[in-house]
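Worksheet for the structure shown next.
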Amino acid sequence: MKLTKTEEEMLSGREGRATKKGMEILVALGEIYGADRLVRVSSVQVSGVSYKNLGDAGIEFLRELAEDGKARVKSTLNPAGMDLVNWRSQGIGEDFARKQLEVIDAYGKLGLEISCTCTPYLAGNEPRFAEHIAWSESSAVVYANSVLGARTNREGGPSALAASLTGRTPLCGYHLDEKRLPTLAVNVGAKLESPEDFSAMGYFVGRLVKNGVPCFRGVKHASLEELKTLSAALASSGGVAMFHIEGVTPEAKGAIRGTEAASFTGRDLRETTAMLNDSGDPDFISVGCPHCSLEELAKIAGLLKGRKVKREFWVCCSRVVKHQSDERGYSRQIEASGAKFACDTCMVVAPIESMGYRVVATNSAKACHYMRNNGLQVRFWPLSKCVLEATNAR
Ligand code: F3S
């Protein structure tokens, strides 16, 4: 792989040990994936923030990098394992909290913004069309490639951090035009009436297309909330990094020559929704996977008006969106009901399974997928049902 003089210097260690390590990771990956060179990135989003996933070895790794490493471009963080302010009211243990704060401290020393959200594009890290970026939260990767037209591979935590320390990533995969073309046409026959329907469709198609690029036909309109949950679901059941919707997303092509075709019917929608539902009455309900938009918070506030929550109920969002919600009065209405905001975290990366919960309801196919993997029973309900059931006693 051809490196510039500056990149050679980074690799030599002249710019510090952390930069050298970052460059070594990128060169190794670039060679594996056949990249000719590196490309500069305008922003980085780093996953691997929850202590639940990182463990002590992860803290040690970050501390070492933080001895002389610094982010060279705008770099934001994925959710952590707890709300960094209100973790006690979430029931998080002292030991876990102490370790989690050590992780955050190390990222802070590295110069990353402690944004802790999977929707950086709603919280001040919104790349423009055709910009090269290196993001690692899979739902945000799909959203950035497909909806914003930015260019990123599905980075892992270490490779995204390496991109942050060097400001570069290998020029391969979804950074190149050819990889961004559709590989599977999906004729949508199902009537999509809510974000949850888009979530179920994403879950169904992700399994079908694996790491290909689906192009949906027959979808006339999709809201931000529908696009963000579709992105998350596609990335959880498959290895999807990008999709197109004809007439909606910026790089959708009119003709998909030579690609296979599949369909998503009303029956597929019903069966996928049923498959995402275990039995059991939830002892924990959470919405905001991916993190809630302001519009979702407005809807939740409206649904909770004059009601009291009777089960553990978390509303997950970024601190930036929570602040916007504070200004509009939604937060006051939500908290008056007894619902808890879960900023900086979510139902999947927080250690809820070790806090005694057994059955969880949510409106996200992605969250159902991962919580099931964590040994929990799941219910996949529409947002309004999640909110209203939270106000009913078990
Ligand atoms: Fe975000 Fe957690 Fe879902 S990181 S996409 S809310 S699993």
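Summary table
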read-out: Residue match in the range 368-375 (condition: open to solvent by 10 Å² or more (accessible area, probe 1.4 Å) and either in contact with a Gly (Cβ under 9 Å, 6 or more places away or on another chain) or within 15 Å of MET82 (Cβ to Cβ) (or both)); value: no
read-out: Given (1) away from the ligand (no atom under 16 Å from the Cβ); (2) open to solvent by 60 Å² or more (accessible area, probe 1.4 Å); (3) within 23 Å of the chain's Cα centre (by Cα), index of the condition VAL320 fails; value: (1)
read-out: Neighbours by Cβ (under 9 Å, 6+ apart or cross-chain): first from the range 84-112, over 21 Å from GLY69 (Cβ atoms); second of a type in the set (Ser, Thr, Tyr) and surrounded by fewer than 19 Cβ atoms within 10 Å (Cβ to Cβ); value: GLY93/SER354; PHE96/SER354
read-out: Flag for SER223 being surrounded by fewer than 16 Cβ atoms within 10 Å (Cβ to Cβ) and at pLDDT below 95; value: no
read-out: The range 174-200, subset under 30 Å from GLU7 (Cα atoms) and in contact with a strand residue (DSSP E or B) (Cβ under 9 Å, 6 or more places away or on another chain), residue surrounded by the fewest Cβ atoms within 10 Å (Cβ to Cβ); value: LEU176
read-out: Of all residues in the range 69-80 being part of a loop (DSSP other than H, G, I, E, B) and either small (Gly, Ala, Ser) or more than 13 Å from THR166 (Cα to Cα) (or both), the one that is farthest from the ligand (Cβ to nearest atom); value: GLY69
read-out: Qualifying positions in the range 347-367 - open to solvent by 10 Å² or more (accessible area, probe 1.4 Å), assigned to a loop (DSSP other than H, G, I, E, B) and within 13 Å of GLY81 (Cβ to Cβ); value: VAL348, VAL349, PRO351
read-out: Hits in the range 142-158 - residues which are open to solvent by less than 10 Å² (accessible area, probe 1.4 Å) and more than 16 Å from the ligand (Cβ to nearest atom); value: GLY149, ALA150
read-out: Residue list for the range 202-217, restricted to those being open to solvent by 20 Å² or more (accessible area, probe 1.4 Å) and assigned to a strand (DSSP E or B); value: ARG217
read-out: Scan of the range 356-374 for residues that are more than 12 Å from the ligand (Cβ to nearest atom) and of a type in the set (Phe, Trp, Tyr), ordered by number; value: TYR357
read-out: Given (1) in a loop (DSSP other than H, G, I, E, B); (2) over 16 Å from the mean Cα position of the chain (by Cα), index of the condition ARG154 fails; value: (2)
read-out: Residue among LEU388, LEU297 that alone is touching a residue at least 12 places away in the same chain (Cβ under 8 Å), of a type outside the set (Val, Ile, Thr) and either out of contact with any strand residue (DSSP E or B) (no Cβ under 8 Å at 6 or more places or on another chain) or part of a loop (DSSP other than H, G, I, E, B) (or both); value: LEU388
read-out: Options SER139, SER47, SER89: the member that is within 24 Å of ALA367 (Cα to Cα), of a type in the set (S, T, N, Q), within 15 Å of the ligand (Cβ to nearest atom) and open to solvent by 10 Å² or more (accessible area, probe 1.4 Å); value: SER47
read-out: Residue in the range 118-130 that is surrounded by fewer than 21 Cβ atoms within 10 Å (Cβ to Cβ), farther than 13 Å from THR76 by Cβ and not small (Gly, Ala, Ser) present; value: yes
read-out: Of all residues in the range 157-201 being of a type in the set (Val, Ile, Thr) and outside any helix (DSSP H, G or I), the one that is farthest from MET275 (Cα to Cα); value: THR169
read-out: GLU7 being surrounded by fewer than 18 Cβ atoms within 10 Å (Cβ to Cβ), modelled with pLDDT of 95 or more and in a helix (DSSP H, G or I); value: no
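Residue by residue, here is whether (1) more than 16 Å from the ligand (Cβ to nearest atom); (2) among the basic types (Lys, Arg); (3) not in a helix (DSSP H, G or I) holds:
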residue: LEU303; (1), (2), (3): yes, no, no
residue: ARG307; (1), (2), (3): yes, yes, yes
residue: LYS310; (1), (2), (3): yes, yes, yes
residue: VAL315; (1), (2), (3): no, no, yes
residue: GLN324; (1), (2), (3): yes, no, no
residue: GLU327; (1), (2), (3): yes, no, no
residue: GLN333; (1), (2), (3): yes, no, no
residue: ALA342; (1), (2), (3): no, no, yes
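The values are calculated or read from the model by the stated rules, or taken from the named source; none is laboratory data. The shown structure was predicted, so the numbers you read here are calculated from the model rather than taken from an experiment. Every residue, glycine as well, gets a Cβ built from its backbone with ideal geometry; the counts of neighbours run over all protein chains shown. These area figures cover heavy atoms from the full protein model, side chains too; ligands, DNA and RNA do not enter into them. Shrake-Rupley method; radii C 1.70, N 1.55, O 1.52, S 1.80 Å.
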